[in-house]
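Note sheet for the following structure.
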Amino acid sequence: MYKSQQPIPDEYIVMSEQERDERIRTIKADLGSKLVILGHHYQRDEVIRYADYRGDSLKLAQLAAQEKKAEYIVFCGVHFMAETADMLTSSEQKVILPDLGAGCPMADMAELGDVEVCWNLLTTQYTQDIIPVTYVNSSAEVKAFCGRNGGMTCTSSNAPQIFTQLLGNGKSILFLPDEHLGRNTGLKWGLHDQDILLWNRENLEEVELPKEAPKLILWDGYCTVHQKFEPQQVDEVRKKYPGIKVIVHPECSHAVVEKADLSGSTDFIIRQISEAPAGSIWAVGTEINLVHRLAQENPDKKIVSLNENTCRCVMMNRISQPHLLWALDNLNKGEVVNQITVDEKITADAIMALNRMLDLSK
Ligand code: 13P
Ligand code: SF4
């Protein structure tokens, strides 16, 4: 799994926020076009303000694939995003994750060995074409598995398109690792509960394979942040704020998505709220840093979290201003710390899965 993050020198922690800010800005100016900082929307304000580009996971993957000049790509996000960026950039470009502990628990819920056991059982049992599709929130090894088995990656932005392309052509899908994104997308496309099989990776003997191949086989992974939203919270905000619109990320359970007015990727949520009329009221079911930023950036609307007691994505939040300065300071001295590299063979297979997704999302 991941290397753990060594403590960074105290000087970066004790320094004032203003000094860190000045030093980050100076180093950015010194490194000029040699450096690009990418930031996911869930990053803290103290970090996202330095991003040259911010985006959801699809946009950041597209930006990494297009970035041909920068020698250093500092990724303010989580490990799987930095891995993806490394695979989509050239071997001369270096991708840096300012805190190596920034993983994604959902990505860790699909281990290659378990996925292969599932695949062997499915492909032995059925003659039907089954295509493995993995949410980008997965390891490079799982992406490589999908690539070499004719499958692809997806993000929450393009999952509907990919489901349409595959289910519409009569294929079945093995969807990894997020049960909820898979179920929400499948049901929205028109599948019924009986078309879907939930794979129980811990208790394989409990998985009953039906005679006919299911249209959708779901891995049982989930996001520890979005899993905390509950359907009764939708009832509560509707009672508290008459006329409120509820918008949630499709990593929430189907029971929550069903009760919400709208569901979609991070980018979709941002677009819907920024284009909404002044005076409208919104409850948002996604990571709290983004909800707070949406409230700040849309002062003419009222924006609340679907659950004010929700926790942050602790993994995204591991990237802090001190860690960013520490990584940049080292780059400025010519020392690359926390470089994320993916083995060449894994990259060769995973890139097929990533490119199939990127080609469909142009
Ligand atoms: P997006 O694809 O919407 O950026 O989501 C990534 C993520 O990790 C959400 O939890
Ligand atoms: Fe992973 Fe959830 Fe955090 Fe996204 S919000 S990085 S899925 S734990």
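Inspect segment 143-152 for any residue being within 16 Å of ligand 2 (Cβ to nearest atom) and more than 15 Å from I346 (Cα to Cα) and give the result as yes or no. Looking through segment 143-152, none of the residues is within 16 Å of ligand 2 (Cβ to nearest atom) and more than 15 Å from I346 (Cα to Cα). Residue-level check: of (1) open to solvent by 10 Å² or more (accessible area, probe 1.4 Å); (2) farther than 30 Å from D193 by Cα; (3) touching a His at 6+ places or on another chain (Cβ under 6 Å), S253 misses just (2).
For K211, are the conditions met, namely being open to solvent by 30 Å² or more (accessible area, probe 1.4 Å) and within 16 Å of ligand 2 (Cβ to nearest atom)? Considered against the rule, which asks whether it is open to solvent by 30 Å² or more (accessible area, probe 1.4 Å) and within 16 Å of ligand 2 (Cβ to nearest atom), K211 comes out as no.
On inspection, I244 fails the criterion of being closer than 21 Å to H41 by Cβ, at pLDDT 95 or above, aliphatic (A, V, I, L, M) and open to solvent by less than 20 Å² (accessible area, probe 1.4 Å). Inspection of segment 144-167 identifies at least one residue that is among the β-branched types (V, I, T) and under 15 Å from the mean Cα position of the chain (by Cα).
With I273, I303, I269, I346 as the choices, which residue is hydrophobic (A, V, I, L, M, F, W, C), under 22 Å from M152 (Cα atoms) and outside any loop (DSSP other than H, G, I, E, B)?
On the way: I273 fails: under 22 Å from M152 (Cα atoms); I303 fails: under 22 Å from M152 (Cα atoms); I269 fails: under 22 Å from M152 (Cα atoms).
From the options I273, I303, I269, I346, the qualifying one is I346.
Taking segment 173-201 as the range and being small (G, A, S) and either surrounded by fewer than 22 Cβ atoms within 10 Å (Cβ to Cβ) or without any contact (Cβ under 8 Å) to a residue 12 or more places away in the chain (or both) as the test, only G190 passes. What do you reckon, is V246 touching a helix residue (DSSP H, G or I) at 6+ places or on another chain (Cβ under 9 Å) and more than 15 Å from ligand 2 (Cβ to nearest atom)? Taking the combined requirement at face value, the residue satisfies it.
If the condition is being within 16 Å of ligand 2 (Cβ to nearest atom) and assigned to a helix (DSSP H, G or I), then segment 306-327 contributes M316, N317, R318. Evaluating I269 against the criteria (1) in contact with a helix residue (DSSP H, G or I) (Cβ under 9 Å, 6 or more places away or on another chain); (2) free of Cβ contacts under 8 Å to residues at least 24 places away in the same chain leaves one unmet condition, (2).
Consider K302 carefully, then state whether it is touching a residue at least 60 places away in the same chain (Cβ under 8 Å), surrounded by fewer than 17 Cβ atoms within 10 Å (Cβ to Cβ), more than 16 Å from ligand 1 (Cβ to nearest atom) and of a type outside the set (A, V, I, L, M, F, W, C). Spelling it out, K302 is indeed touching a residue at least 60 places away in the same chain (Cβ under 8 Å), surrounded by fewer than 17 Cβ atoms within 10 Å (Cβ to Cβ), more than 16 Å from ligand 1 (Cβ to nearest atom) and of a type outside the set (A, V, I, L, M, F, W, C).
If a residue must be open to solvent by 10 Å² or more (accessible area, probe 1.4 Å) and under 16 Å from G103 (Cβ atoms), how many such residues does segment 317-338 contain?
Of the residues in segment 317-338, the ones open to solvent by 10 Å² or more (accessible area, probe 1.4 Å) are 317-318, 320, 322-323, 326, 329-330, 332-338.
The next check asks that each one be under 16 Å from G103 (Cβ atoms); those that pass are 317-318, 320, 323, 338.
Looking only at that region, the number is 5.
The values are calculated or read from the model by the stated rules, or taken from the named source; none is laboratory data. Bear in mind that the values here come from a model prediction, so they are computed numbers and not experimental data. Here the Cβ is made from the backbone with ideal geometry for all residues, glycine too, and neighbour counts use every protein chain on show. Note: areas computed on protein heavy atoms with side chains; ligands, DNA, RNA excluded. Shrake-Rupley method; radii C 1.70, N 1.55, O 1.52, S 1.80 Å.
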